[in-house]
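Student: The structure's right below; bear with me while I get my questions together.
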Amino acid sequence: MNKFLFFLLFVSFAFAKPSQKIPEISTIAKKIFFIEKTIYSTHHNIDYKIFIATNNTNAKEYKSIYLLDGNAFFPLFLNLFSKPIKENLLIIGIGYNTSLAFDTKNRTKDYTPDKQDGFEESGGSENFRTFLKTQLMPYIEQYYPSDKNYKAIFGHSFGGLFALDTLLKDSKLFSHYFIISPSLWWNETKFLPQKIKLSSCPKIYFAMGSAERKRYALLSTKELSQKISQESSCKSSFKLFENETHGSVINKAMIYAKEIFLKPSSP
């Protein structure tokens, strides 16, 4: 794993705009995974790049994990692996057709549940979810059949906000939700229902760093996790990573998600 690139990404997340340098996939990760040709797709005038990797091209069924902010997070997640794994794993990075790590304009539009003043391009999460449901996921399933009990989404910051919004509106879409440092300050948290009801009970994991800069929200990430457990009859877990910032928590959260997801039976 390129620790220097991780350091640059985390420092920039914590103190300024995120680094726009896309990390390189490590030599070890390239030996462990078959990295497929990048797929290009368009939906509602937004151009996407889809990155796909698997450790077994002939598996009958895969544990699949969808990574938001795929330009940056696809290589970062691959680089967590230092040795071959037994599980048939499919990693999908959902990125944008840009040479930058983060497409600020389009991720803001895609990952936010409603409009907010000061953000001209926002509130497009329903359209983005439609893209996942009607275009991307059917394509993935056609070529890489997924184990319905192991289909995860991983999102951080605005990506965590989208993962949360999907949990609230279409919880059956994924079996595991890794919701990392979600932007609960968005639009004064008005997107949250007064009482949370879920149509199914997937595995729900919230996480954040203890050193993250606090922004006003009606409730904290930990309080939201507790609210879901209390009101939906579904178990929601919360993990606090000590001394981690909004940026540095990404690495710890990815390792956390990897360890949970690759267990023979998730808790």
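Student: Consider the candidate values [x] 55, 17, 15; [y] 26, 21, 20; [z] 61, 25, 15; state which one is semi-axes √(5λ) of the Cα gyration tensor in Å computed from the structure displayed.
Tutor: So the structure-derived entry is [y].
Student: Round to a whole angstrom and tell me the spacing of the C-alpha centers of the range 54-112 and the range 207-262.
Tutor: If we compute the Cα centre of each part, the gap is 20 Å.
Student: Given contacts defined as C-alpha pairs under 8 Å and at least six residues apart, what's the relative contact order of the range 36-172, whole-number percent?
Tutor: Computed value for the range 36-172: 27 percent relative contact order.
Student: Would you kindly state the longest site-free stretch of the chain, with sites defined as GluC sites (Glu not before Pro) in a DSSP loop (not H, G, I, E, B) surrounded by at most 12 other Cβ atoms within 10 Å? Intermediate results must be reported in sequence, preceding the final value.
Tutor: Working: sites that count: Glu24, Glu120, Glu242.
Counting at most 12 other Cβ atoms within 10 Å as exposed, the longest clean stretch of the chain is 121-241.
Student: Trypsin sites (Lys or Arg not before Pro), restricted to the range 130-192: which are DSSP loop and have at most 11 other Cβ atoms within 10 Å?
Tutor: Values: sites: Lys133, Lys148, Lys151, Lys169, Lys172, Lys190; in loops: Lys190.
Counting only loop positions with at most 11 other Cβ atoms within 10 Å, the trypsin sites (Lys or Arg not before Pro) in the range 130-192 are Lys190.
Student: Compute a Gaussian network model of the chain, connecting alpha carbons closer than 10 Å, and tell me which residue from Ile204, Ile25, Ile250 fluctuates the most.
Tutor: So, out of Ile204, Ile25, Ile250, the one fluctuating most is Ile25.
Student: Among Lys60, Lys86, Lys235, which one shows the highest mean-square fluctuation when the chain is modelled as a Gaussian network with alpha-carbon springs under 10 Å?
Tutor: Evaluated over the chain, the most mobile residue of the options is Lys86.
Student: Continuing with the same structure: Farthest toward the dipole's positive end in the chain, which of Pro193, Ser233, Met137, given Cβ charges of +1 (Lys, Arg) and -1 (Asp, Glu) about the Cα centre?
Tutor: It is Ser233.
Student: Using the Kirkwood radius over Cα pairs, work out the Stokes-Einstein diffusion coefficient for the range 127-258 at 4 °C and 1.567 mPa s, in µm²/s as a whole number. Provide the component values of the computation, followed by the final result.
Tutor: Details: Rh = 15.2 Å.
So the translational diffusion coefficient is about 85 µm²/s.
Student: Using DSSP, restrict attention to beta bridges with both residues in the chain and report what percent are antiparallel, rounded to the nearest 5.
Tutor: Working: 15 of 41 bridges.
Bridges in the chain are about 35 percent antiparallel.
Student: To the nearest 20 Debye, how big is the dipole of the range 139-211 about its Cα centre, given +1 on the beta carbon of each Lys and Arg and -1 on that of each Asp and Glu? Can you show the working numbers first?
Tutor: On the way: 8 positive and 5 negative charges, 51 e Å.
Roughly 240 debye, rounded to the nearest 20.
Student: Another question, then. Calculated FRET efficiency, Ser199 and Glu61, Cβ-Cβ r, R0 35 Å, to nearest 0.05? Before the final figure, lay out each step's value.
Tutor: Working: r = 24 Å, r/R0 = 0.69.
Rounded to the nearest 0.05, the efficiency is 0.90.
Student: Also, quick follow-up: For a test of understanding, tell me how many lysine pairs in the range 85-175 have Cα atoms under 19 Å apart, given they are 8 or more places apart or on different chains.
Tutor: Total qualifying Lys-Lys pairs in the range 85-175 comes to 14.
Student: Ala217: net charge of surrounding residues, Cβ under 13 Å, Lys/Arg +1, Asp/Glu -1, itself excluded? Each step should come with its number before you reach the end.
Tutor: Working: positive: Lys190, Arg213, Lys214, Arg215, Lys222, Lys227; negative: Glu188, Glu212, Glu223.
Result for the neighbourhood of Ala217: +3.
Student: Here's another thing I want to ask about it. What does the charge dipole of the range 58-110 about its Cα centre add up to, to the nearest 20 debye, if the Cβ of each Lys and Arg holds +1 and the Cβ of each Asp and Glu holds -1? Show your work: numbers first, answer last.
Tutor: Details: 7 positive and 5 negative charges, 19 e Å.
My answer is approximately 100 debye.
Student: Sticking with this structure for a sec: Over the chain, with a Gaussian network built from C-alpha contacts below 10 Å, which listed residue (Leu136, Leu167, Leu89) shows the highest mean-square fluctuation?
Tutor: Fluctuation is largest for Leu136.
Student: With +1 on the Cβ of every Lys and Arg and -1 on the Cβ of every Asp and Glu, and nothing else charged, how large is the dipole of the range 143-267 about its Cα centre, in debye rounded to the nearest 20? Please report the intermediate quantities before stating the final value.
Tutor: On the way: 18 positive and 10 negative charges, 45 e Å.
Its charge dipole is roughly 220 debye.
Student: Ignoring everything except DSSP H segments at least 4 long, calculate the 222 nm mean residue ellipticity for the chain; use -39,500 (n - 2.57) per segment, divide by total residues, nearest 500. It would help to have the intermediate numbers written out before the result.
Tutor: Numbers: 9 runs with 88 residues, N = 267.
About -9500 deg cm²/dmol.
Student: Now for a separate question. Quantify, in whole percent, the carbon and sulfur part of the accessible surface of the range 196-259 (1.4 Å probe; protein heavy atoms only).
Tutor: Here carbon and sulfur together make up 47 percent of the probe-accessible area.
Student: How much net charge surrounds Thr54 when only other residues with a Cβ under 11 Å from its Cβ are counted (Lys, Arg +1; Asp, Glu -1)? Provide the component values of the computation, followed by the final result.
Tutor: Numbers: positive: Lys63; negative: Glu36, Glu87.
Computed value for this residue: -1.
Student: Using a 7 Å offset from Cα along Cα-Cβ at Arg215, what residues in the range 142-171 end up with backbone N under 12 Å from the label point?
Tutor: 157-161
Student: Net charge near Gln194: determine it from the other residues with C-beta under 13 Å of the C-beta of Gln194, scoring Lys and Arg +1 and Asp and Glu -1.
Tutor: Neighbour charge sum, excluding Gln194 itself: +3.
Student: Suppose we keep just the alpha-carbon trace of the range 73-146; what are its Rg and Dmax in angstrom?
Tutor: Reported Rg and Dmax, both Å: 15.5, 48.
Student: Continuing with the same structure: For the chain, calculate the relative contact order in percent as a whole number, restricting contacts to Cα pairs under 8 Å that are 6 or more residues apart.
Tutor: Details: 526 pairs, mean separation 43.6, N = 267.
Averaging sequence separation for qualifying contacts and normalising by length gives 16 percent for the chain.
The values are calculated or read from the model by the stated rules, or taken from the named source; none is laboratory data. Keep in mind it's a predicted model, so treat the numbers as computed, not measured. Cβ sites come from the backbone with ideal geometry, for glycine too, and all protein chains shown count toward neighbours. The protein model used for the area step is the full one, side chains on, heavy atoms only, and it has no ligands, DNA or RNA in it. Shrake-Rupley method; radii C 1.70, N 1.55, O 1.52, S 1.80 Å.
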